[in-house]
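The values are calculated or read from the model by the stated rules, or taken from the named source; none is laboratory data. Quick caveat, the model's predicted, so the values are computed rather than measured. Neighbour counts are summed over all protein chains in view; Cβ atoms, including those assigned to glycine, are modelled from backbone coordinates with ideal geometry.
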């Protein structure tokens, strides 16, 4: 059974800092990996989608990497801003399945 | 609409009652998903529709839970004989097609069973 773990559970940083969020998964036979953002009381917003054949994806100040063989992904946020404060969730899709398996998320607070 | 719409946004009910939660996906999206999110947890998969049919319902916790999508657009999640443990946020997502990858989520329906 696929399990997804996110470390740390919470992170507080000053504005302007670069930061890394970590995600690990137990079964490397994934189809893709996605990073989502969730604001309090809201749904999820897809940030980056990495196919299993890819190593990284970039969008603006966000960069996500994938090391499938070691079961790890990182989300790098450059020059953090208070508006980046949210919970960041990592999720994987197994090959042959349409369901996402999520981690519990990392709650990020960026202080002005 | 522009995004995935879910109604009601909040539902408070008593134990034992029947509840329906509605999801209106993005127009043209053939794949539709229901997830359930408890406080402090990541969303957990419930069911996936491709068109009108439930292609994977392996996440439904028991036979009190049922979902339909009769015309391949709007979906309804139905919960019979609600229990306090059913309290959670129920999230709906849609995708352009099967295997397309990016999911678009609604804001969820928060269900509280007293």
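Out of the residues in the range B:50-64 that are surrounded by 14 or more Cβ atoms within 10 Å (Cβ to Cβ) and closer than 16 Å to residue B:85 by Cα, state the one that is farthest from the other protein chains (Cβ to nearest Cβ).
The extreme case among them is B:64.
Return the total of residues in the range B:6-20 being more than 17 Å from residue B:114 (Cα to Cα) and crowded, with 16+ Cβ neighbours inside 10 Å.
Counting residues in the range B:6-20 that are more than 17 Å from residue B:114 (Cα to Cα) and crowded, with 16+ Cβ neighbours inside 10 Å gives 1.
Looking only at the range A:49-89, count how many residues are under 10 Å from the mean Cα position of the chain (by Cα) and at pLDDT below 95.
The number of residues fulfilling the criteria is 1.
Might you let me know whether the range B:20-30 holds any residue that is more than 14 Å from chain A (Cβ to nearest Cβ), more than 21 Å from residue A:97 (Cα to Cα) and assigned to a loop (DSSP other than H, G, I, E, B)? Give the steps one after another, and end with the answer.
Applying the first criterion (more than 14 Å from chain A (Cβ to nearest Cβ)) to the range B:20-30 yields B:20, B:22, B:27-28.
Of the ones still in play, those that are also more than 21 Å from residue A:97 (Cα to Cα) are B:20, B:22, B:27-28.
Still in the running and assigned to a loop (DSSP other than H, G, I, E, B): B:27-28.
Yes, the range B:20-30 contains at least one residue that is more than 14 Å from chain A (Cβ to nearest Cβ), more than 21 Å from residue A:97 (Cα to Cα) and assigned to a loop (DSSP other than H, G, I, E, B).
Going by the structure shown, is residue B:91 touching a strand residue (DSSP E or B) at 6+ places or on another chain (Cβ under 6 Å), closer than 25 Å to residue B:15 by Cβ and away from chain A (no Cβ under 14 Å)?
Working: touching a strand residue (DSSP E or B) at 6+ places or on another chain (Cβ under 6 Å): yes; closer than 25 Å to residue B:15 by Cβ: yes; away from chain A (no Cβ under 14 Å): no.
Answer is no for this residue.
Within the range B:100-114, take every residue that is at the interface with chain A (Cβ under 10 Å from one of its Cβ atoms) and surrounded by fewer than 21 Cβ atoms within 10 Å (Cβ to Cβ) and give me the one that is nearest to residue A:40 (Cα to Cα). Don't jump to the end; show me each part of the working.
Filtering the range B:100-114 for residues at the interface with chain A (Cβ under 10 Å from one of its Cβ atoms) gives B:100-108, B:110.
With surrounded by fewer than 21 Cβ atoms within 10 Å (Cβ to Cβ) added as a condition, the list becomes B:100-102, B:104, B:107, B:110.
Numbers: B:100: 27, B:101: 24, B:102: 21, B:104: 17, B:107: 10, B:110: 13 Å.
Once the filter is applied, the top-ranked residue is B:107.
Could you tell me whether residue A:37 is more than 14 Å from residue A:92 (Cβ to Cβ) and in contact with a helix residue (DSSP H, G or I) (Cβ under 9 Å, 6 or more places away or on another chain)?
Numbers: more than 14 Å from residue A:92 (Cβ to Cβ): yes; in contact with a helix residue (DSSP H, G or I) (Cβ under 9 Å, 6 or more places away or on another chain): yes.
So residue A:37 fits the description; yes.
Let's see how each residue does on (1) within 14 Å of chain A (Cβ to nearest Cβ); (2) within 14 Å of residue A:43 (Cα to Cα); (3) modelled with pLDDT under 95; (4) in a strand (DSSP E or B):
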site	(1), (2), (3), (4)
B:6	yes, yes, no, yes
B:11	no, no, no, yes
B:17	no, no, no, no
B:41	yes, yes, yes, no
B:48	yes, no, yes, yes
B:66	no, no, no, yes
B:77	no, no, no, yes
B:81	no, no, no, no
B:98	yes, no, yes, no
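Collect the residues in the range A:24-41 that are assigned to a strand (DSSP E or B) and either within 11 Å of another protein chain (Cβ to nearest Cβ) or farther than 21 Å from residue B:43 by Cα (or both), keeping them in residue-number order.
Here is the first cut: in the range A:24-41, the residues assigned to a strand (DSSP E or B) are A:24-25, A:30-38.
Selection gives A:31, A:32, A:33, A:34, A:36, A:37, A:38.
Only residues that are outside any strand (DSSP E or B), more than 13 Å from chain B (Cβ to nearest Cβ) and either in contact with a helix residue (DSSP H, G or I) (Cβ under 6 Å, 6 or more places away or on another chain) or surrounded by 15 or more Cβ atoms within 10 Å (Cβ to Cβ) (or both): list them for the range A:42-77, please. Outline the logic, then answer.
First, the residues of the range A:42-77 that are outside any strand (DSSP E or B): A:42-43, A:52-55, A:60-61, A:68-71.
Now narrow it down to the ones that are more than 13 Å from chain B (Cβ to nearest Cβ): A:55, A:60-61, A:68-71.
Passing the criteria: A:68, A:71.
Considering only residues that are surrounded by fewer than 21 Cβ atoms within 10 Å (Cβ to Cβ) and either within 24 Å of residue B:37 (Cα to Cα) or free of Cβ contacts under 8 Å to residues at least 12 places away in the same chain (or both), which ones fall in the range A:8-31?
Pass one, the range A:8-31, residues surrounded by fewer than 21 Cβ atoms within 10 Å (Cβ to Cβ): A:8-20, A:22, A:24, A:26-29, A:31.
If the condition is that a residue be surrounded by fewer than 21 Cβ atoms within 10 Å (Cβ to Cβ) and either within 24 Å of residue B:37 (Cα to Cα) or free of Cβ contacts under 8 Å to residues at least 12 places away in the same chain (or both), then A:8, A:9, A:10, A:11, A:12, A:22, A:24, A:26, A:27, A:31 are the ones that fit.
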